[in-house]
Amino acid sequence: MFHEIRRLGSSYCFDRSKEKLTRATPVIPTIARDLSERDPQMRYTLSNAIAQDSALITSDDLLEQFRRLIVEPADQLAISGPIVIVIDALDECDACERSSLLSVLKNEEQQKALPPNFRILVTCRPEHDIMNGLGKAACVNAKSMTDVDESTNRSDIDVYVCDRLPQSLFEAWDLPVLRTKIVDSSEGLFQWAATACRFLVDDTVELPVKQRMDILSGEAARNLDELYSQVLQSAFRSVYPQARDNFRRVMSLVLVAAEPLSVNALQHILCRNDGLDHEVLGSVLKRMGALMSGTDGTDIVVRPLHTSFRDFILDRKRSGEFSVAPGIEQHGDFARGTLQMLSERLRINMCKLETSYRLNTDYPDLEERVRKNIPSSLVYSARYWADHLEEMAYNSALLQMAERLLKDKFLFWLEVLSLLGSVSTCASALLKLKEWIPKDTAEGPETVSIIEDFLKFIRAFGVVIGSSAPHIYLSAVPFAPARSQVRQLYESKLPRTATVVCGGSSEWPTLECTMDGDDNVLCAEFSDDGKHIFFVSLGSSCCTIHIVMSALPPSPQRETS
């Protein structure tokens, strides 16, 4: 509604099924960008703030972000009338990051500094930390759905049911009566009504409408958990126990994925060799249309239509025989599938870039090229193979697959990550692989040696690689030290690249990379796992502690200055 009347300033939706949409750090920059698109003066003020301090965009200090990216630029916004900013499903934000966002939302000084026509609408389930953080804040007006007038709630559900149950699908029925039954049975619970409507129109359910209505009208489907159970029982009512075994296996795989995948992508990754049978995958998902999206085999991702269904099947006490417990076995299926995908499908210049004289960003159709030439299953494999691997116990067969990727397809994997803007994923994945390999295994030292060399390669040429995929082959490999593993493994496979005749290094330099930062750094230290660097800088009036990601291994000696 607010979008239609041009009063929606921004809308940010958290989603726990997508890792990137569980983080709090992108929220404020996204809202600031959306607001700036509404007003040239605000856009100018925002661009000046970023020009003065580009680190604001990636800063973990959300309160400072809010002040400088939203409050100060919004003061220049020349728009009268209400502007609504929506933050949806806050409960699906990562619990560790949520506290910093809650601090911003309950900060009375900053909220009062916003223009008086601004309102921030937050929707969430009543998680304990959210209720404690916002429920008592003076600048927050908290409303529970239980406080909504019953007649208003019923009217909203009635409008929804009328829209979802068209006359054309129920010509033999007295549709107003049917709709009224659904509204009455929902007892004010919107998600119950939504699930019931999908159950009635789902053409994969092998029951006539009358029997479906009997299920919905019965006592066994009065609350949401019971409705979910009834829908699943009608979908998998086969006398064969394998039917429900197949359900549990498929749903465990769907839920263990790092981000939602389409049916086609799931088949490409999991249905290979002795993996999941594609008929099993299809037969289970096609019966789940009332509860999940993307079940018709299109490129729409498969995911629960509501978080309550995910919670339901993950809780054995609530879902009983339909409960699932994603774990090591499912991570193993994904690890094998993704590594096989990478070994089989990666090749040089996958997006057919015509020249090395242009940066990745100079191709206006790069996103379309990626979509056309790099299937979503390969994108997923490139990003998440190591995430699945690290969840498993050591397995020599999987190590061999990972080693084959590094020796044969490492540069092509890096090319895909460059085109996706995800070069940092490479260092993270290599570190995860290194930590996964036991120190006492016979085949481990060679792979670890390759990993350490490749990490140096990334640190030396990461900026170049991230800017231009072709320069992996044209600049990075030729200028790598002559004795480096990456040069020895790949130089002979790239016969048409430049050759360093003289002046090249034979070994990696001791100083591997330089990090730009505050001029007034007082001290710096690696975290014990080597994944972060902590440093303290002296500002105009106080000391600030910064935390930055690091692909460097931990140093045995702590540096201070």
Query raised in the report: Using 1/(1 + (r/R0)^6) with R0 = 22 angstrom and r between the beta carbons of Trp173 and Leu207, what's the FRET efficiency to the nearest 0.05?
Result: 0.90
Report task. Quick one: which residues, 5 or more positions from Ser11 or on another chain, have an amide H under 5 Å from its amide H? H modelled 1.01 Å from N in the peptide plane, none for Pro or chain starts. Result -> Val86
**Report entry** Amide proton proximity set for Met292, modelled H, under 5 Å, gap of 5+
**Finding:** Leu305
Requested in this report: Tally the DSSP beta bridges in the chain and give the antiparallel ones as a percent, rounded to 5.
Outcome: 60 percent
Query raised in the report: So what's the gap between the Cα centers of region 182-203 and region 247-326, to the nearest angstrom?
Result: 22 Å
Report task. Using the structure shown, list the pairs from Lys112/Lys143; Lys112/Lys136; Lys18/Lys409; Lys407/Lys434; Lys143/Lys181 with a Cα-Cα distance above 25 Å, or answer none. Result -> Lys18/Lys409; Lys143/Lys181
Query - Gyration tensor verdict on region 46-122 (Cα atoms; rounded if a/c is under 1.5, prolate if a/b is larger than b/c, oblate otherwise) - result: oblate
Report task. Please turn the phi angles of region 374-383 into ³J(HN,Hα) values with the Karplus equation 6.51 cos²θ - 1.76 cosθ + 1.60 (θ = phi - 60°), one per residue in order, whole Hz, x for glycine and proline. Result -> 10, x, 4, 5, 6, 4, 4, 4, 5, 7
Report task. Compute the separation of the alpha-carbon centres of region 416-455 and region 336-357 and state it in Å as a whole number. Result -> 18 Å
Report task. Any lysines with Cα under 16 Å of the Lys352 Cα? List them, leaving off those in the same chain fewer than 8 positions away. Result -> Lys372
Report task. Please list, in chain and number order, the residues 5+ apart from Val122 or on another chain whose amide H is under 5 Å from its amide H, with Hs placed from the backbone. Result -> Ile87
Report task. Of the listed values [x] 27; [y] 55; [z] 34, grab the one calculated as percent of Cα pairs over 45 Å apart from the structure here. Result -> [x]
Query raised in the report: Per residue of the chain, what 222 nm ellipticity follows from adding -39500 (n - 2.57) for every DSSP H run with n ≥ 4, rounded to the nearest 500?
Result: -14000 deg cm²/dmol
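Every number here is computed from the coordinates shown, using simple stated rules; none is lab data. Just so we're clear, the structure is a prediction, and the values are computed from it rather than from any experiment. A quick note on method: Cβ atoms are made from the backbone with ideal geometry, for glycine too, and the neighbour counts reach across all protein chains shown.
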